[in-house]
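**Q** Below is one structure. I have some questions about it.
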Amino acid sequence: MTLNEKIIRYSYLVTVVFLVLTGFGQMPIFKRYHVADIPGLGWLAQFYVTHAMHYIFAALFIAICTYAYVDHILDGRKERTLTKTGYAKSFMIAGLILTGVLMVIKNFSGTPYTPLMISLLDISHLLLCITFVVYGIITLVTGTRWVRVRAFQLSNKL
Ligand code: HEM
């Protein structure tokens with residue numbers, strides 16, 4: 001990987017870890033299960049802290065993903081093509097960003113969302129989060145990649 005690719009990859013991983021932490025921090029679980037009692041982790045029980053951090057990392061997540069996709073479309077795809085895993089994760093990311101943005105709008109006062117829509121948004125964001133994390137761990141362990149080098153590029157490299 002080039003230095004640039006390494007920076008993108010590790011910023012992406014750190015951002016996802018903090019999105020998961022601060023996302024679950026929106027629910028009162030870290031206090032209930034005493035995780036927030038661990039020295040240095042008290043902030044996980046502070047709703048407004050985890051809420052603000054979730055927004056900050058969400059913005060970073062959108063920036064990193066947009067950069068990676070635009071780079072792939074403008075340049076990367078000459079040499080590489082998305083694998084099934086790459087497509088699956090792309091759809092999950094699109095779903096997380098879409099439901100996330102709609103929930104940000106939900107938090108604006110006066111947004112005319114019905115209670116059903118709010119529950120559906122919340123449940124779909126949470127289910128996408130869990131699927132994304134479990135699938136991410138599986139592909140990390142199995143070493144399944146997002147992209148593969150195009151055949152003709154391989155022959156050029158050999
Ligand atoms: C890897 C990406 C992400 C993960 C793993 C994630 C995870 C979560 C989780 C677990 C929750 C709590 C759901 C609940 O209370 O039932 C949550 C809530 C939320 N997320 Fe995300 N999220 C991600 C990306 C985003 C993005 C990109 C945005 C915005 C563009 C976003 C905006 C929100 C909002 C607004 C809430 C609800 C906060 C509230 O009003 O209670 N999330 N997220």
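The values are calculated or read from the model by the stated rules, or taken from the named source; none is laboratory data. Note that the structure is a prediction, hence the values are computed from the model and not measured. We place every Cβ from the backbone using ideal geometry, glycine too, and count neighbours over all the protein chains shown. Ligands, DNA and RNA are excluded from the accessible area calculation, which covers all protein heavy atoms including side chains. Shrake-Rupley method; radii C 1.70, N 1.55, O 1.52, S 1.80 Å.
**Q** Can you work out which of the residues in region 87-98 that are within 16 Å of V16 (Cα to Cα) and open to solvent by less than 60 Å² (accessible area, probe 1.4 Å) is farthest from the ligand (Cβ to nearest atom)?
**A** So, considering only residues that are within 16 Å of V16 (Cα to Cα) and open to solvent by less than 60 Å² (accessible area, probe 1.4 Å), the one farthest from the ligand (Cβ to nearest atom) is S90.
**Q** While we're looking at this one, here's another question. Any residue that is farther than 15 Å from V20 by Cα, of a type in the set (A, V, I, L, M, F, W, C), exposed (fewer than 14 other Cβ atoms within 10 Å of the Cβ) and more than 10 Å from the ligand (Cβ to nearest atom) - is there at least one of those in region 105-113?
**A** To start, the set of residues in region 105-113 that are farther than 15 Å from V20 by Cα comprises 105-113.
After this cut, where a residue has to be of a type in the set (A, V, I, L, M, F, W, C) as well, the list is 105, 108.
Those still in the list that are exposed (fewer than 14 other Cβ atoms within 10 Å of the Cβ) too: 105, 108.
Of the ones still in play, those that are also more than 10 Å from the ligand (Cβ to nearest atom) are 108.
Yes, some residue in region 105-113 is farther than 15 Å from V20 by Cα, of a type in the set (A, V, I, L, M, F, W, C), exposed (fewer than 14 other Cβ atoms within 10 Å of the Cβ) and more than 10 Å from the ligand (Cβ to nearest atom).
**Q** Checking T50 against (1) under 26 Å from K106 (Cα atoms); (2) more than 10 Å from the ligand (Cβ to nearest atom); (3) in contact (Cβ under 8 Å) with a residue 24 or more places away in the chain: exactly one of these is not met. Which one?
**A** (2)
**Q** To continue, here is another question. Within the group T66, T144, T50, T139, which residue is outside the structural domain of S11 (by TED's automatic domain parsing), in a helix (DSSP H, G or I) and of a type in the set (S, T, Y)?
**A** T139
**Q** Can I ask one more? So which pairs qualify, if the first residue must be in region 22-46 and closer than 21 Å to F61 by Cα, the second must be small (G, A, S), the Cβ gap must be under 7 Å, and the two must be at least 6 apart or on different chains?
**A** L44/G25; L44/A36
Residue by residue, here is whether (1) open to solvent by less than 90 Å² (accessible area, probe 1.4 Å); (2) closer than 19 Å to F18 by Cα; (3) out of contact with any strand residue (DSSP E or B) (no Cβ under 9 Å at 6 or more places or on another chain) holds:
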{"site": "V35", "(1), (2), (3)": "yes, yes, yes"}
{"site": "P39", "(1), (2), (3)": "no, yes, yes"}
{"site": "W43", "(1), (2), (3)": "yes, yes, yes"}
{"site": "Q46", "(1), (2), (3)": "no, yes, yes"}
{"site": "F57", "(1), (2), (3)": "yes, yes, yes"}
{"site": "A63", "(1), (2), (3)": "yes, yes, yes"}
{"site": "G76", "(1), (2), (3)": "yes, no, no"}
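**Q** Here is a list: I123, I138. Which entry is away from the ligand (no atom under 14 Å from the Cβ) and either more than 17 Å from F61 (Cβ to Cβ) or open to solvent by 90 Å² or more (accessible area, probe 1.4 Å) (or both)?
**A** Numbers: I123 fails: away from the ligand (no atom under 14 Å from the Cβ).
The unique qualifying residue is I138.
**Q** Let me ask another. Within region 1-47, take every residue that is β-branched (V, I, T) and farther than 18 Å from V133 by Cβ and give me the one that is nearest to the chain's Cα centre (by Cα). Let's see the steps before the verdict.
**A** So in region 1-47, the residues β-branched (V, I, T) come out as 2, 7-8, 14-17, 20, 22, 29, 35, 38.
Narrowing the set further to residues that are farther than 18 Å from V133 by Cβ leaves 2, 7-8, 38.
On the way: T2: 22, I7: 16, I8: 13, I38: 26 Å.
Checking each candidate, the answer is I8.
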